[in-house]
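The values are calculated or read from the model by the stated rules, or taken from the named source; none is laboratory data. Just so we're clear, the structure is a prediction, and the values are computed from it rather than from any experiment. Positions of Cβ are generated from backbone atoms using ideal geometry, with glycine treated the same way; all protein chains shown enter the neighbour counts.
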Amino acid sequence: MDPEHKSLARELSQDTLTTLCMDLGARPFQAKTLWRWLHVKGLRSFDQATDLPKKLRESLADHLELQSVQVVEESLSHDGTCKYLLELADGERIEMVLIPEGARNTLCVSTQVGCPVGCVFCASGLLGVRRNLDHHEILDQFLLAREILGEKELTNLVIMGMGEPMLNLDALLPALDRITDPEGFHFSPRRITVSASGYPDKIRRFSKAGKSYNLALSLHTADAEQRRLLIPTAQHDPRELVAAAKDHFQATGREPTIEIVLLRGRNDRIEDADKLVRLLKGLQCTVNLIPWNRVEGTPIALERPYEDRVEAFREALEQRGLNVTLRRKRGSEKNAACGQLRLRSLES
Ligand code: SAH
Ligand code: SF4
């Protein structure tokens, strides 16, 4: 192993790790101890492994890299939400957000650098995609967040940061496998929610991954034409997406969430609510209304909806028997919406 090019420790098989430890003068049980540190406890610095000799820890640090993400900027909102700008080994930047709410601590992670989907209201979509994250870069956001939280428990994980999770399932599913591994980090799949902006076939692949993950479907509108305006790359009819959400419920027993980012005069009218009710008929779900967080430089003129319109929209859905949640202020300050911190850092 070339010390100039350190290997990522969690990438090594148990056999390779054992061979390396023996080469460095360790005993087999110490290799096992290291394995547990890496894959069960989430080691972030070799100094933490105090049950290994100091000399071995130093040699390991010379040969192995523990982290693929580094914090370069933090931005704390008054409600406690903390947004982190992270740098990857090749200098690319992504975002991660920690959201404390009472006893809950929710982590929001990214899956791509930028996003190829190009929703007109979203900062992540404005500059296109640079590359997919690999599964270590997704897993390492989870491990970093656990380290930041210290004694506090990470209770929920949402895959709603930068990027389109359905377009990087090859990295996301292995990362989630690691995170939920009963022999490893043992995080419950029921506390993980993956957000999809479309792609019914990929949603079905995700639903069949064999674990009861939650699905959030970013539907935004029941009207196909309106949806193409908001998501220019979206090729699928809203009915196909709702069918995929129904199949998710069938496959996992988990009720999907339907995400609607409300934009003034575009999808926030009562007739839009009526169409949505008709489309969602027969789907057990919760509708999450998200008044748009302003992003500068959108390709079409957009405004945040008026409060009374949001209320009327919510009532129209509730009166027809839908479960509705409303995400109010959270994240609306300090460039806190999806992708905005990275966008600002690229512009400055
Ligand atoms: N690409 C996935 C997941 C990341 S976006 C998806 O689109 O679902 C996570 C959620 O944030 C989506 O529901 C998205 O519509 C919403 N979002 C993006 N930009 C926003 C903004 N400026 N204001 C409010 N919600 C936004
Ligand atoms: Fe991509 Fe989601 Fe942003 Fe759309 S909302 S551009 S899919 S990250």
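Taking the criterion of being on the phi > 0 side of the Ramachandran plot and within 16 Å of ligand 2 (Cβ to nearest atom), the residues of region 155-199 that qualify are G163, G198, Y199. Being basic (K, R) and touching a helix residue (DSSP H, G or I) at 6+ places or on another chain (Cβ under 8 Å) is a property that K83 has. Restricting attention to region 65-112, which residues are in contact with a Pro (Cβ under 8 Å, 6 or more places away or on another chain) and among the small types (G, A, S)? The answer is G80, and nothing else.
Summed over region 98-108, the residues that are under 13 Å from the mean Cα position of the chain (by Cα) and within 22 Å of W292 (Cβ to Cβ) give a count of 3.
For every residue, the table says whether it meets (1) in the same structural domain as V324 (by TED's automatic domain parsing); (2) under 21 Å from the mean Cα position of the chain (by Cα); (3) closer than 25 Å to V120 by Cβ.
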{"residue": "I260", "(1), (2), (3)": "yes, yes, yes"}
{"residue": "N267", "(1), (2), (3)": "yes, no, yes"}
{"residue": "D272", "(1), (2), (3)": "yes, no, yes"}
{"residue": "K281", "(1), (2), (3)": "yes, no, no"}
{"residue": "C285", "(1), (2), (3)": "yes, yes, yes"}
{"residue": "W292", "(1), (2), (3)": "yes, yes, yes"}
{"residue": "P299", "(1), (2), (3)": "yes, no, yes"}
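Which condition does T111 not pass, out of (1) within 16 Å of ligand 2 (Cβ to nearest atom); (2) in contact (Cβ under 8 Å) with a residue 60 or more places away in the chain; (3) in contact with a Ser or Thr (Cβ under 9 Å, 6 or more places away or on another chain), if it passes all the others? Condition not satisfied by T111: (3). Selection within region 151-169: residues that are within 14 Å of ligand 1 (Cβ to nearest atom) and either hydrophobic (A, V, I, L, M, F, W, C) or in a strand (DSSP E or B) (or both). The member of this set that is farthest from R104 (Cα to Cα) is L167. Cβ separations smaller than 6 Å between residues 6+ apart or across chains give the following pairs from region 276-296 residues that are of a type in the set (A, V, I, L, M, F, W, C) to residues that are within 16 Å of ligand 2 (Cβ to nearest atom) and part of a strand (DSSP E or B): C285/I258; V287/I258; L289/I260; L289/L262; I290/V261; W292/V261.
Screening I270 against (1) farther than 17 Å from P200 by Cα; (2) in contact with an Asp or Glu (Cβ under 7 Å, 6 or more places away or on another chain); (3) in contact (Cβ under 8 Å) with a residue 40 or more places away in the chain; (4) among the hydrophobic types (A, V, I, L, M, F, W, C) leaves a single unmet condition, (2). Residues in region 1-56 that are closer than 18 Å to P174 by Cβ, in contact with a Ser or Thr (Cβ under 7 Å, 6 or more places away or on another chain) and part of a loop (DSSP other than H, G, I, E, B): there are none.
Yes/no per residue for (1) touching a residue at least 60 places away in the same chain (Cβ under 8 Å); (2) closer than 28 Å to H78 by Cα; (3) within 16 Å of ligand 1 (Cβ to nearest atom); (4) assigned by TED's automatic domain parsing to the domain that holds L262:
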{"position": "G102", "(1), (2), (3), (4)": "no, yes, no, yes"}
{"position": "F121", "(1), (2), (3), (4)": "yes, yes, yes, yes"}
{"position": "V129", "(1), (2), (3), (4)": "no, no, yes, yes"}
{"position": "L149", "(1), (2), (3), (4)": "no, yes, no, yes"}
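Quick one: would you say G184 is within 15 Å of ligand 1 (Cβ to nearest atom), in contact (Cβ under 8 Å) with a residue 60 or more places away in the chain and not aromatic (F, W, Y)? When the stated conditions are applied, G184 does not pass them.
So which of L133, L144 is within 16 Å of ligand 1 (Cβ to nearest atom) and surrounded by 22 or more Cβ atoms within 10 Å (Cβ to Cβ)? Residue meeting the stated conditions: L133.
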